Amino acid sequence: MWESDASTPDAPTPKDFDALRWTRVEVLGMVGPDAAPELAWLDTALQGSTRAVLWQAPHGLVAPLSYRRHARLDAVCTAFAARGWPVRLRRSGGGVVPQGPGILNLSLTWPVAGLPASQADRVYVQLCGVLARALAALHIDAQPRAVAGSFCDGRFNLAVGSRKIAGAAQYWRCAGKRYAVLAHALLLVDADTTALTALANDFEVALQSDRRYDANVVTTVAREWRGAPPPDLMARVQRQIAAILAD
């Protein structure tokens, strides 16, 4: 998805992803459940800046704005917040996504030349490439593909065999002749995917939608790790992604 603001003046020279050097990768702690920090980072990209951030979020659900089509959405969001699972709506597409401990988010923002229609697939390929290289260094072979039955399924999931380990999304912003993109990935590191899938199903049932998800088609870094995963697994994954971005 993308939005425009024609009142903003022309941009600095856009950057090609292959020429970017993410020499500084920010690692944040927990970002508040009601925050949408990615949009602020996207605004800085319209000014010519790039940003790479690894971050986590507390328990919550994130759903696309398209879920406003459900008449019961407000009541369901209130009920889930009371259960300790606040719901935030996001501007990118897709489906409902759980957030919480054991899930790592990667957000990359940068100014881009060209419209989303001509760049969207390439952005996904580049984002998936970063994660796939990081996972390969951890001896996990992941490839982009759709995984039917997984929550927020898409062509550019990352999957280990037939099981989803990461999801990807992007959101574009235009201001005058400026274009910037937010490329976001959600990596399942050591989360309880059975519980998260059940929660996503509860949400869809409460909305009276016809979407249902299968916990058997989702996996995690911990599950795919050779042997027992180390106690500092999340930190190791973060370091590996940062190393790939800086390469």
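The values are calculated or read from the model by the stated rules, or taken from the named source; none is laboratory data. Computed from a predicted structure; not experimentally measured. Using ideal geometry, Cβ is built from the backbone for each residue, glycine included, and neighbour counts are taken over all protein chains shown.
Data table
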{"read-out": "Checklist (1) free of Cβ contacts under 8 Å to residues at least 12 places away in the same chain; (2) within 19 Å of the chain's Cα centre (by Cα); (3) closer than 22 Å to residue 69 by Cα applied to residue 205, failing item", "value": "(2)"}
{"read-out": "Residue in the range 204-221 that is on the phi > 0 side of the Ramachandran plot and of a type in the set (S, T, N, Q) present", "value": "yes"}
{"read-out": "Residues that are more than 17 Å from residue 192 (Cβ to Cβ) and either modelled with pLDDT of 95 or more or crowded, with 18+ Cβ neighbours inside 10 Å (or both), drawn from the range 51-67", "value": "51, 52, 53, 54, 55, 62, 63, 64, 67"}
{"read-out": "Total residues in the range 9-50, condition of a type outside the set (Asp, Glu), within 24 Å of residue 175 (Cβ to Cβ), more than 15 Å from the chain's Cα centre (by Cα) and at pLDDT 60 or above", "value": "11"}
{"read-out": "Flag if residue 154 is surrounded by fewer than 22 Cβ atoms within 10 Å (Cβ to Cβ), at positive phi and in a loop (DSSP other than H, G, I, E, B)", "value": "no"}
{"read-out": "Boolean, residue 203 is farther than 25 Å from residue 28 by Cβ and crowded, with 16+ Cβ neighbours inside 10 Å", "value": "yes"}
{"read-out": "Considering residues of the range 74-109 that are farther than 17 Å from residue 64 by Cα and among the β-branched types (Val, Ile, Thr) only, the residue modelled with the lowest pLDDT", "value": "109"}
{"read-out": "Residue in the range 229-237 that is without any contact (Cβ under 8 Å) to a residue 12 or more places away in the chain and assigned to a helix (DSSP H, G or I) present", "value": "yes"}
{"read-out": "Residues located in the range 136-151, provided they are surrounded by fewer than 19 Cβ atoms within 10 Å (Cβ to Cβ) and either among the aromatic types (Phe, Trp, Tyr) or in a strand (DSSP E or B) (or both)", "value": "143"}
{"read-out": "Residue within the range 110-122 that is in contact with a Gly (Cβ under 6 Å, 6 or more places away or on another chain), at pLDDT below 95, assigned to a strand (DSSP E or B) and not β-branched (Val, Ile, Thr) present", "value": "yes"}
{"read-out": "Matching residues in the range 212-228 - criterion: being in a loop (DSSP other than H, G, I, E, B) and modelled with pLDDT of 95 or more", "value": "212, 213, 214, 219, 220, 225"}
{"read-out": "Conditions (1) surrounded by fewer than 19 Cβ atoms within 10 Å (Cβ to Cβ); (2) in contact with a Leu (Cβ under 9 Å, 6 or more places away or on another chain); (3) of a type in the set (A, V, I, L, M, F, W, C); number of the one not met by residue 85", "value": "(1)"}
{"read-out": "Pair list, Cβ under 8 Å, 6 or more apart: the range 148-177 residue touching a residue at least 24 places away in the same chain (Cβ under 8 Å) and under 18 Å from residue 136 (Cβ atoms), other residue among the aromatic types (Phe, Trp, Tyr) and not in a strand (DSSP E or B)", "value": "156/124; 168/124; 168/156"}
{"read-out": "Extreme residue, farthest from residue 172 (Cα to Cα), among residues of the range 73-88 that are touching a residue at least 12 places away in the same chain (Cβ under 8 Å) and touching a strand residue (DSSP E or B) at 6+ places or on another chain (Cβ under 6 Å)", "value": "80"}
